[in-house]
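The values are calculated or read from the model by the stated rules, or taken from the named source; none is laboratory data. Treat the numbers as computed from the prediction; the structure is a model and nothing was measured. Because the Cβ atoms are built from the backbone with ideal geometry, glycine has one as well, and the counts that use them run over all protein chains shown.
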Amino acid sequence: MGSLAHRMQPWWPLAALAAALAALGAAHALQRFGGLPPCPLCLKQRDVYWGVAAIAVGGLAVLRFWPRITLRRAIAALLGLGFLTGAIVAFYHVAVEQRWVAAQCDAVDIGAIRTFSVDGTFTTPNCDEIAWSLLGVSLAGYNVLFSLAMAAVSFLIAFAPSPPPEDA
């Protein structure tokens, strides 16, 4: 497993970027086509993915000019921390949904949002209401699982031992 993780190091920032953009794309598709408007905590989860995407793009740029093994490991570790942050934010959202913690979501200024219709309305869902679930797991719960998996792979790549040199 160590050699597979070692072989993944050069392109892991690209894979992490693709994963973050896929998560953002899925969230926006559920909003646009699924009719699931995001609550403020959902938007905070998206912010984390934008941060992971920025780390990945920066990591790709750095590795383009300095492809050192220590930098590959550091970037993978930073990506792991970013995904772990996403898991923590998503778990907090799950805790709010399950009413394990009492939280008040940040208020959104409805007057600042322009709608296409003069008579149109915009409502912000409450963070403690589950808008959609599958098998008893909410979208925030699936985000926890996805973020934890991505963090685990990132840390595995960051801290995997280097393969022994081949004998010539």
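Filtering region 9-25 to residues that are over 18 Å from Phe146 (Cα atoms) and in contact (Cβ under 8 Å) with a residue 12 or more places away in the chain leaves Gln9, Pro10.
Looking across region 26-63, the residues that are touching a residue at least 24 places away in the same chain (Cβ under 8 Å) and of a type in the set (Phe, Trp, Tyr) come down to Tyr49, Trp50.
Taken over region 86-120, the criterion of being at pLDDT 60 or above and either of a type in the set (Asp, Glu) or part of a loop (DSSP other than H, G, I, E, B) (or both) is satisfied by Glu97, Gln98, Arg99, Trp100, Val101, Ala102, Ala103, Gln104, Cys105.
If a residue has to be in a helix (DSSP H, G or I), of a type in the set (Gly, Ala, Ser) and either crowded, with 18+ Cβ neighbours inside 10 Å or touching a strand residue (DSSP E or B) at 6+ places or on another chain (Cβ under 6 Å) (or both) to count, how many in region 131-155 make the cut?
Initially, region 131-155 is screened for residues in a helix (DSSP H, G or I), giving 139-155.
Still in the list and also of a type in the set (Gly, Ala, Ser): 140-141, 147, 149, 151-152, 154.
Filter again for either crowded, with 18+ Cβ neighbours inside 10 Å or touching a strand residue (DSSP E or B) at 6+ places or on another chain (Cβ under 6 Å) (or both), leaving 140-141, 147, 151, 154.
Here the count works out to 5.
Just one of (1) part of a loop (DSSP other than H, G, I, E, B); (2) under 11 Å from the mean Cα position of the chain (by Cα) fails for Leu36. It is (2). Checked against (1) over 12 Å from the mean Cα position of the chain (by Cα); (2) modelled with pLDDT of 90 or more; (3) farther than 12 Å from Ser154 by Cβ; (4) buried (at least 18 other Cβ atoms within 10 Å of the Cβ), Leu78 meets all criteria but (3).
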